[in-house]
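Take a look at the structure below.
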Amino acid sequence: MPMRLLRAPLTWVAVTVLALGAAVALYWFQPWKLVTDTEVHEELAAVPSAATPAPPPSGPSPSAAPASTPAGPVLLGSGEFVSHEHDTRGTARIVRTVDGRHRLELVGLDTSNGPDLQVWLTDQPVRTGPSGWHVFDDGRHVALGPLKGNRGDQAYPIPAGTDLAGLTSVSIWCERFAVSFGAAALAGG
């Protein structure tokens, strides 16, 4: 009886459909990413923290000093990640470099790996819990590119001409499932 089943064309059609379904499911969900990590260790800008007091002015009084460009990178905004669909920790910060360009830096990022993860600057407020998981594609967002790694320090150039006004948060966005893994509200530097 089992040999007769193997010779039946319907059996081979069913086996082929199941194999194709399994292949599509593996591609779509990429379950191996749940147990693999990609670490990135890029050099980040050395910006003074908010707790570091500015050095005392030297020379003439500050009111008499001409306006000048800072000698180093400037922190424009930062915030701590909150978890959404997956546990996410770390800090997001926007830095203006010495040459006037802007970049987003992820400091000490630690989240799950996943399929099709993107880094977005958005205009949506960061909410905790499931109500905040799906909001980041509702408004304005600027895609900065694929997430380089789910752990470590990494930097993403912000395209020249991007209007940062109103872009108040960062999301690690899963394009495939339209869900945020984690997000950070950006407060002024």
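Read the figures in this text as sums done on the coordinates, not as results from a lab. Being a predicted model, the structure only gives us computed values, none of them experimental. A quick note on method: Cβ atoms are made from the backbone with ideal geometry, for glycine too, and the neighbour counts reach across all protein chains shown.
Observations on the model:
- With R₀ set to 41 Å, the beta-carbon distance separating Ala187 from Leu20 gives a calculated FRET efficiency near 0.25.
- Net lengthening on full extension, Asp37/Asp123 (0.36 nm per residue, minus Cα-Cα): 28.1 nm
- Hz values of 3J(HN,Hα) by residue in segment 173-184 - Karplus curve (6.51, -1.76, 1.60), Gly and Pro given as x: 9, 8, 4, 4, 10, 6, 8, 8, 6, x, 8, 9
- Residues whose placed amide H lies under 5 Å from that of Ser83, excluding near-sequence neighbours: Thr88
- Long-range HN-HN contacts of Asn150 with modeled amide H, under 5 Å: Thr38
- When you count the other C-beta atoms within 10 angstrom of each residue and take the mean per peptide, 170-179, 125-134, 149-158 line up highest first as 170-179, 149-158, 125-134.
- Kirkwood-type hydrodynamic radius, segment 69-156: 14.0 Å, calculated from all non-identical alpha-carbon pairs.
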